[in-house]
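The values are calculated or read from the model by the stated rules, or taken from the named source; none is laboratory data. All of these numbers come straight from a predicted model, not from anything done at the bench. Here the Cβ positions follow ideal geometry from the backbone for every residue, glycine too, while neighbour counts run over all protein chains shown.
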Amino acid sequence: MWYYELPLPEGRKNYTKTKPLRDAEFDQCHALWDERPVTEHSWLVPVGQVIENNYNLDIKNPSSQEALVHRPPEELAEAILEKERRILALMAEIQKALA
């Protein structure tokens with residue numbers, strides 16, 4: 001199965017009622033339709049994989065997943081603790097101001 005992820009126009013975060021999807025935004029997809037190559041915005045998924053996923057067609061673009069970087073758990077825990085310390089310090093200041 002060939003998937004194509006329609007990229008948002010530059011400067012847009014999403015589509016809305018007042019700024020809907022326009023026909024011209026399908027031009028790139030139409031240009032690729034006959035050959036259906038694998039590109040940054042298109043990819044192939046074997047039918048067997050779709051069947052294994054109980055026919056769930058919501059398959060994410062593998063190109064966009066490569067950009068996702070996970071921070072190590074230790075680093076995340078330390079960042080959370082630092083924020084908690086900052087919150088506690090601010091709460092102490094608020095309590096002093098209210099006293």
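General remarks:
Yes/no matrix, rows are residues, columns are (1) at pLDDT 95 or above; (2) surrounded by 10 or more Cβ atoms within 10 Å (Cβ to Cβ):
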residue	(1), (2)
Met1	yes, yes
Arg22	no, yes
Asn53	no, yes
Lys60	no, yes
Glu66	no, no
Glu74	yes, no
Leu81	yes, yes
Gln95	yes, no
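- Residue ranges of helices (runs of 4 or more DSSP H) in segment 26-91 with at least 2 members within 21 Å of Leu8 (Cβ to Cβ): 27-32, 62-66
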